[in-house]
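Here is the structure we will look at, set down as structure tokens.
What follows draws every value from the coordinates through simple rules; no lab data is involved. Note that the structure is a prediction, hence the values are computed from the model and not measured. No Cβ is skipped: glycine too gets one built from the backbone with ideal geometry, and neighbour counts run over all protein chains shown.
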Amino acid sequence: MRISPIYQEAPHHLRRIDEHFHISLTRNEVIRTPLHHHEFVELAFVTDGDGVETVNGIDHRLRQGTATFLLPHHIHQIHSTSNAPIRKYCCMFNLDLFSRSAEDAELFAMLLQVGTTIPSWADIGPGQINRIQMLFEHMKEELHGPAAIGQPLLIRAKLTEALLLFMRAACGDGRQIQERIPPADRNDGLIQTTFWSILGYIRVHYHEPFTLRELAERFHMSAPHISRSFKRHLGYSFMDYVHLLRTNNAASLLSTTTMSVTDIAVSVGFDSLRTFSRVFREIYRQTPSEYRKASHIKPMEGVE
């Protein structure tokens, strides 16, 4: 049986709050979801039930108080461990929402590290469960209520608070969070806003063909300046960063699907199997086939 992730289109109830803010918020009951991915960011919070979620090939438990944050194209699926459904809030929004101002640069930098240096999930402490649940309820009321003064600002403020509560739970105390952010990014001001927008764009479109020159034209910056910004803030060259995103996604597909290595190479953005195999081996010290054989993670039963 061939197992491959489903690409999920934008939810039909996605609401355009303003030019730069698109969001949907639902409260769902879930027994099982297929392996899937999408272009929107997802923040979910479990209010009841028990189950398992697989994110990029790694399992974690779902229970009351579990929050999950997923970047675009993170591959994930859920199943309940009982006959009872998992009840959860699911908030989806556009990644670049937090890339447009210097004040948001610290939060945006943390969000981009989720799934690598920061876990994709966290158990919210008992004292904070009611707080975060009320944030979701208040957002839902604003989204589905009549238009009112300051509605976009209020929704955005509550979403920001919910994201920061997730970050505190995932990273520990404030000092640990600060240590995960490149020092140069904390006080750079508006000059770095465009760079974070570029990172957000790449995070969504890394599987598509594009060049440094094309990015420079799109964001009205010089290619050398973008290249220097990558080295300064991330420690990677532009191409090394794109390769890292592509191979990380490929590793998830190798461990959770039955897609062929050639199909995986194409789906994550490589134009040739030879290049994909070379880059993958440089990063993972294994060929894609060796990585798949060594992986102990199996595709979830019942996913077609």
Quiz item: Tell me, Kirkwood radius of the chain from alpha-carbon pair distances, in Å?
Solution: 20.3 Å
Self-check item: Packing-based exposure ordering (other Cβ within 10 Å, fewest first) of LEU164, LEU43
Solution: LEU164, LEU43
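Within the chain, which whole H helices from DSSP have a Cα span along their axis of at least 20 Å and a mean Kyte-Doolittle hydropathy of -0.5 or more, if any?
Span-like helices in the chain: 151-171, 238-256.
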Practice problem: Go through 251-258, 49-56 and give me the packing order, highest mean Cβ count within 10 Å leading. | Solution: 251-258, 49-56
Self-check item: LEU164 paired with PHE219, simple spin-label distance in nm, labels 7 Å along Cα-to-beta-carbon
Solution: 2.5 nm
Self-check item: Segment GLU103-ILE283, extension gain: residue separation times 0.36 nm, minus the distance between their alpha carbons
Solution: 61.4 nm
Quiz item: For the chain, how many pairs of lysine residues have a Cα-Cα distance under 26 Å, where the two are 8 or more positions apart or belong to different chains?
Solution: 4
Exercise. Between ALA148, ALA223, ALA105, find the one with the highest GNM mean-square fluctuation for the chain; connect C-alpha pairs within less than 10 Å.
Key: ALA148
